[in-house]
1. May I ask you to give the percent of accessible area on the stretch A:33-82 that is carbon plus sulfur, with a probe radius of 1.4 Å?
2. What's the longest piece of chain A with no exposed trypsin sites (Lys or Arg not before Pro), counting a site as exposed if DSSP puts it in a loop and it has at most 15 other beta carbons within 10 Å?
3. Once phi is turned into ³J(HN,Hα) by the Karplus curve 6.51 cos²θ - 1.76 cosθ + 1.60 with θ = phi - 60°, what whole-Hz value does each residue of the stretch A:83-88 show in order, with x for glycine and proline?
4. What does the net charge come to around residue B:24 if you take all other residues with beta carbon closer than 13 Å to its beta carbon, with K and R at +1 and D and E at -1?
5. Roughly to the nearest percent, how much of the accessible area of chain B is carbon and sulfur, given a 1.4 Å probe?
6. Counting only protein chains, not ligands or nucleic acids, how are A:71, A:86, A:63, B:18 ordered by accessible area (probe 1.4 Å), most first?
7. Counting only residues 5 or more places away or on other chains, whose amide H sits under 5 Å from the amide H of residue B:44 once H atoms are built in the peptide plane?
8. With a 1.4 Å probe and all protein chains kept in place, how do B:72, A:115 rank by accessible area, largest first?
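The values are calculated or read from the model by the stated rules, or taken from the named source; none is laboratory data. Here the structure is a predicted model, which is why all the values come from computation and not from measurement. Here the Cβ positions follow ideal geometry from the backbone for every residue, glycine too, while neighbour counts run over all protein chains shown. Calculation scope for accessible area: heavy atoms of the full protein, side chains included, ligands and nucleic acids excluded. Shrake-Rupley method; radii C 1.70, N 1.55, O 1.52, S 1.80 Å.
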Amino acid sequence: EPEVTQTPSHQVTQMGQEVILRCVPISNHLYFYWYRQILGQKVEFLVSFYNNEISEKSEIFDDQFSVERPDGSNFTLKIRSTKLEDSAMYFCASSPTSGGGGANVLTFGAGSRLTVL
Amino acid sequence: AQKVTQAQTEISVVEKEDVTLDCVYETRDTTYYLFWYKQPPSGELVFLIRRNSFDEQNEISGRYSWNFQKSTSSFNFTITASQVVDSAVYFCALFAFTGGGNKLTFGTGTQLKVEL
């Protein structure tokens, strides 16, 4: 079964450092997403991406965050200068489209745990 | 705006008991989708079910069943004859097309503990 792959599974970084989280979505999917889950809390939407541009972002997704699809397969989340409160599990997801029918089931990756010290 | 409420923070049951996880949602959309995801201790999010707003038929899949009631804006999830492997956090989520935009809105999750 196709899956979304995320790397690294766990990253520890110092406050102020830049972090890049990588994702390989399912190959025929067109919509890509990043979600975040602070430990013990709910899963929160960060950003959605379609046709090489952001289609929507939340208030959490401030100027410290950016996303990119540098080639045909990877989808990255960059945090420019990490803060303690960025410590969380970051989930990448993809879907064939965002529309109706059977298409808007998001397939999530296993997550990348970011720990900021 | 979209909102999903899972009032039960944690539920503990003994194996073989039935358990129902509650989910109440809010949306102004007439077309929307409801989901349940399972998050086992390993941390990944596992898709369980999707239901669209026009299909109120209840669904059963093995030991899992879902009761969608538009009149009360609820989409409850029942596990019959629970097993230890069912121990996980379960999230209800809502996908709508306007107001909420192009994203899933998750509830806060219900931690289910199934003990021997």
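1. Reported share for carbon and sulfur atoms: 40 percent.
2. Longest site-free region, per DSSP loop and neighbour criteria: A:1-79.
3. Working through the residues one at a time gives 10, 4, 6, 7, 4, 5 Hz.
4. 0
5. The C+S portion of the solvent-accessible surface of chain B is 49 percent.
6. Result of the area sort, largest leading: A:63, B:18, A:71, A:86.
7. Under 5 Å from the amide H of residue B:44: no residue qualifies.
8. Numbers: B:72 75, A:115 40 Å².
Per-residue accessible area, sorted high to low, gives B:72, A:115.
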